[in-house]
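These notes are about the structure you will find just below.
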Amino acid sequence: MLRWFDRKRSPIGLDIGHRRVKATQSVREGDRWNTLAELVVPRVRPNQRLDQDEARAIVHMLHRAGLSGRRVVLCAPPDAVRTSMIELPPAVDGVPLMQLARMEMARIHKLDAADMEMVAWELPQPDRGRDSTHMIAAVCQHVQIDPTVEVLTAAGLEVVHAFPSTQALIHALQHNLSANKIHALVDLGWSAARIVMVYLNTVIYQRELTDASTMQFYDAIASALGVSDDVVHTMLSVDSADSDQLDPEQLRFSEALQTTQKQHAEVLADCIGAAFTYAAHQYTDAEIGGVHVIGGLTDCGTVMNLMADTLKQRALNLEDVITGH
């Protein structure tokens, strides 16, 4: 098994998204891993494939931000990761569960088992028990991440592993989670929103919502108002003026913006509520925890407030909104 942690300092966790670059590094202090340094910066070339110039710029920014070393764990792009819940024989001595999981994922997704990265974990036993082993596995073909790995390698970094973004999300929020409660971690990404349900420090359910992406949200506003994405971003970044102070055209813009924000918040809240319903049905003795949100759209306070209000109507609590990620 690949050992990619040294005794005192983790490699750099690196997520190169469509619009932002995010990085973090941890250091061991006693029996705990604590954050040593973090970085969140806009992409030099948003929505473009990483090239050598941008890779060198990223390396420079990593070191300037206090992240040290060459070794990185790359966050595999969400559209390259395939995730499935699989059922395997009971976990007993002699049963090679990880090998079986790899073979099953290759069969399900029609991939070459030797040409993919995989992470997999066993789900906690539900209250009513079961005889088989249930796992969640995520795979990514090497061909889908090799171009990025090659560019980063040429820039002086060593990619030692690739992880799905859900693992990075849990790492970012782990200090906020009570192990005995079911929590929803929500990443409001540009190309998709992702809901990850966590119980006993384990991902028990996840869902990707391409129709609730930030890109779809921006496009809906831009289409309704006949403006560009840049104008939408500016509109979402400022507080709305009092409606009594707006002229008719400004009032039309404001009302259309509020309607789209409300619709988006309700779609997200509905999907989060459905995920809690599923998880609570599986683990009936577990307490219901909170909703923790990360991602670019967290900068839009109106959407966050509307989502908090809608969740409250479903007896759910928006506990954390982590901006800047």
message = Just to verify a result, which residue in segment 174-206, among those that are surrounded by fewer than 17 Cβ atoms within 10 Å (Cβ to Cβ) and not polar (S, T, N, Q), is nearest to ALA269 (Cα to Cα)?
response = LYS181
request  = Count, please, the residues in segment 80-130 that happen to be free of Cβ contacts under 8 Å to residues at least 12 places away in the same chain and either aromatic (Phe, Trp, Tyr) or at positive phi (or both).
outcome  = 3
inquiry  = Going residue by residue through segment 253-268, is there one that turns out to be of a type in the set (Phe, Trp, Tyr) and touching a residue at least 40 places away in the same chain (Cβ under 8 Å)?
reply    = no
note = Conditions (1) modelled with pLDDT of 90 or more; (2) within 26 Å of GLY189 (Cα to Cα); (3) out of contact with any strand residue (DSSP E or B) (no Cβ under 7 Å at 6 or more places or on another chain) -> PRO46 fails only (1)
query = Between residues in segment 135-150 that are more than 8 Å from MET116 (Cα to Cα) and residues that are assigned to a helix (DSSP H, G or I) and small (Gly, Ala, Ser), which pairs lie under 6 Å by C-beta distance while being six or more apart or on different chains?
reply = MET135/ALA101; ALA137/ALA101; GLN144/ALA80
query = So which of THR302, THR260, THR310 ends up being polar (S, T, N, Q), at pLDDT 85 or above and within 27 Å of TYR199 (Cβ to Cβ)?
reply = THR310
message = Considering only segment 72-81, I want to know if a residue exists there that is in contact with a helix residue (DSSP H, G or I) (Cβ under 6 Å, 6 or more places away or on another chain) and surrounded by fewer than 17 Cβ atoms within 10 Å (Cβ to Cβ).
response = yes
request  = Name the single residue, out of those in segment 291-303 being surrounded by fewer than 19 Cβ atoms within 10 Å (Cβ to Cβ) and not polar (S, T, N, Q), that is nearest to TYR218 (Cα to Cα).
outcome  = ASP299
remark   = Sole miss for ILE288 among (1) more than 28 Å from PRO42 (Cα to Cα); (2) assigned to a strand (DSSP E or B); (3) under 20 Å from the mean Cα position of the chain (by Cα) is condition (3)
key: Enumeration of residues in segment 146-171 that are among the β-branched types (Val, Ile, Thr), crowded, with 20+ Cβ neighbours inside 10 Å and either under 20 Å from ALA192 (Cα atoms) or modelled with pLDDT under 90 (or both)   = THR166
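The values are calculated or read from the model by the stated rules, or taken from the named source; none is laboratory data. A quick note: this is a predicted structure, and the numbers were derived from the prediction, not measured. Every residue, glycine as well, gets a Cβ built from its backbone with ideal geometry; the counts of neighbours run over all protein chains shown.
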